[in-house]
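Participant: Could you have a look at this structure, given as structure tokens, before my questions?
What follows draws every value from the coordinates through simple rules; no lab data is involved. All figures in this text were calculated on a predicted structure; none of them were measured in a lab. Virtual Cβ from ideal backbone geometry, glycine too; neighbours counted across all protein chains shown.
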Amino acid sequence: MQANEALKEFDTDDLQHADNSFLHPWENVKTIGENKRTVVTRSEGVYLYDSDGNRLLDGPAGMWCVNVGHGRKEIADVISEQAMQMPYYSPWSLTNAPASILSERIAKLAPGDLNHVFFTTCGSTAVDSALRFAMFYNNSLGRTEKKHIICRNDGYHGSTYLGASVSGKTRDKNLLDFETNTVHHIPSPNPYRRPEGMSVAEFRDAKVADLENKILELGADKVAVFIAEPILASGGVIVPPPGYHKACLEVCHKYDVLYISDEVVTAFGRLGHFFASETVFDIVPDMITMAKGLTSGYIPMGGVLISDRLLKQLGDSAEEYGYFSNGFTYSGHPIASVAALENIDIMQREGLMEHVQEVGPYMQERLRELIDIPIVGDVRGMGLMSCVECVISQESKDPLTMDYEIGNRVDKHCQELGLIVRPIINMCVMSPPLIITKAQIDDMVGILRAGIERAMDDVRREGLWAG
Ligand code: PLP
């Protein structure tokens, strides 16, 4: 019997029991053996189906990744055909057609002179590779002191040692160790949390000044790179003030600091464009990291776009040794590459960028209606990514956290009502597949409203919230 056929023999209990051998991301080691996670068995369009037959709207598109939606036979077919034709060969000295053509295709979609792609296995390895490239670049130019990395609180850049070190979500800085000698965090550019009485424009200038001051404090000859997500996704869909990125890039140019735009979430359509850096934020960075929507999650793949300017500088200056000694067995994997090519074809053929430009503002507008719920403090976002932040009161803005993490409660209620949300402490993040329709957005918002109201009733009933 084929492996996938054999799986049909297991019922929900068997699967949940077996799952206790699977250490999941962000696993709580204290509850190993007690978890009963919902088992997703099938998916189609914007819907998931669990092992008990319940239909659930996929609010987070998996993990911001199933951009073209579930059940795309075209992608499954090219994956299968490529596996039969040639599943894998080493990318070190030979190449393969899907990866070569994909690199050229991505370069054409990318802004400015970002014309070379270093393929990786996921977003974390893309971030790690981009940061390592910045080190390689400066070392090759003989600037061996220019090593320091500036990043931001509330940023998320992955789970490799360096990717996690440049991330800035406080709760994730728990019992793990991080690179601290060369990594420096500056404050989050979250306009919702700006000081009382400060305008958004003043706040932007202050956050840009944080970057410049940090460079000056460390010494420009010591700072290699600034890494920033255009929208801080896992930090709670934080959209920095208008003009922030452009001004930060100018500061970087002024002090010869490289700018990495981490587009692992925003690239491939989430904001209605293949890349958001230039089209939405008016910047052409030195490097762009990508993953997730590149293959719409059908198979893992990531990459870093590197500018011609940097490569040319190295080509001209690297003396005896020009090797960037960084790479993965699966860099430019032919099966992942062909899936990415088909994924991009679907996006272009179906006009998904234009679709997001139309339904994105509609989703934002509908979600903003939730601001009338007393525990909702902020509803923010752009395109098809948004966040509803719950607070104790709209006046105090204090997050509804501690022993009653509202995000999990909302998620539980929403799942009962047929919607998956991504809970992050006191926040609920929505980033559905790009194919979502206005009617499905209406369903999503309706369920989310009911879920938040039920969670609010719970904390009120339990005496945890006195609103
Ligand atoms: N960068 C950003 C902005 C992300 O949101 C993520 C993951 O969510 C990563 C990097 C890491 O990607 P991955 O989980 O594929 O390693």
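Participant: Where nothing but the Cβ of Lys and Arg (+1) and of Asp and Glu (-1) is charged, how large is the charge dipole of the chain around its Cα centre, in debye to the nearest 20? Let's see the in-between values first.
Facilitator: Working: 43 positive and 64 negative charges, 98 e Å.
In debye, rounded to 20, the chain gives about 460.
Participant: At 222 nm, what helix-only mean residue ellipticity would the chain give, in deg cm²/dmol to the nearest 500, using -39500 (n - 2.57) for each DSSP H run of four or more?
Facilitator: Taken over the chain, the calculation gives -12000 deg cm²/dmol.
Participant: Does the chain come out rounded, prolate or oblate by the C-alpha gyration tensor, with a ≥ b ≥ c the root eigenvalues, rounded set by a/c under 1.5 and, if not, prolate when a/b is larger than b/c and oblate if not? Let's see the in-between values first.
Facilitator: On the way: a/c = 1.68, a/b = 1.15, b/c = 1.45.
It comes out oblate by the Cα gyration axes.
Participant: Still on this structure: Set the Förster distance to 35 Å, then compute FRET efficiency between ASN28 and LYS73 from the Cβ-Cβ distance, nearest 0.05. Intermediate results must be reported in sequence, preceding the final value.
Facilitator: On the way: r = 37 Å, r/R0 = 1.07.
E(calc), rounded to 0.05, equals 0.40.
Participant: For PHE324, project a label point 7 Å along Cα to C-beta. Then give me every residue of the stretch 258-300 with its amide nitrogen under 16 Å of that point.
Facilitator: 258-263, 285-291, by backbone N distance to the label point.
Participant: Using θ = phi - 60° and the Karplus relation 6.51 cos²θ - 1.76 cosθ + 1.60, list the HN-Hα couplings for the stretch 194-203 in order, rounded to whole Hz, with x at every Gly or Pro.
Facilitator: 6, x, 3, x, 8, 6, 4, 5, 5, 4
Participant: On average over all directions, what projected area in square nanometres does the stretch 74-349 have, based on the convex hull of its Cα atoms?
Facilitator: Values: hull surface 60.6 nm².
The directionally averaged projection comes out at 15.1 nm².
Participant: Shifting gears a bit: Which percentage, to the nearest 5, of the DSSP beta bridges contained in the stretch 74-349 is antiparallel? Walk me through the intermediate numbers first.
Facilitator: Details: 11 of 25 bridges.
Approximately 45 percent, going by the DSSP bridge assignments.
Participant: Under a Cβ-Cβ cut-off of 14 Å, what is the net charge of the residues other than HIS24 that fall near it, where Lys and Arg count +1 and Asp and Glu count -1? Before the final figure, lay out each step's value.
Facilitator: Details: positive: LYS30, LYS36, ARG37; negative: ASP19, GLU27, GLU34.
Counting the neighbours of HIS24, the net charge comes to 0.
Participant: List the residues whose amide H sits under 5 Å from the amide H of TYR259, counting only those 5 or more places along or on another chain, with H placed 1.01 Å from N in the peptide plane.
Facilitator: For TYR259, whose amide H was placed from the backbone, the distant partners under 5 Å are PHE226, ASP286, MET287.
Participant: Let me spell out the model: positive unit charges on the Cβ of Lys and Arg, negative unit charges on the Cβ of Asp and Glu, origin at the Cα centre of the stretch 74-349. What dipole size does that give, in debye rounded to 20? Numbers along the way, then the final one.
Facilitator: Working: 23 positive and 32 negative charges, 92 e Å.
That gives a dipole near 440 debye.
Participant: In whole Hz, with x marking every Gly and Pro, tabulate ³J(HN,Hα) for the stretch 363-375 from phi via Karplus 6.51 cos²θ - 1.76 cosθ + 1.60, θ = phi - 60°.
Facilitator: So the J values, rounded to whole Hz, are 4, 4, 5, 5, 5, 4, 4, 5, 4, 6, 7, x, 8.
Participant: May I pose another question? Based only on other Cβ atoms within 10 Å, what is the fewest-to-most ordering of LEU417, LEU249, LEU448?
Facilitator: Lowest to highest Cβ neighbour count: LEU417, LEU249, LEU448.
Participant: When a footprinting reagent is the concern and you count Cβ atoms within 10 Å, what order do VAL376, VAL421, VAL39 take, fewest first?
Facilitator: On the way: VAL376 23, VAL421 26, VAL39 17.
Ordered from fewest to most neighbouring Cβ atoms within 10 Å, VAL376, VAL421, VAL39 come out as VAL39, VAL376, VAL421.
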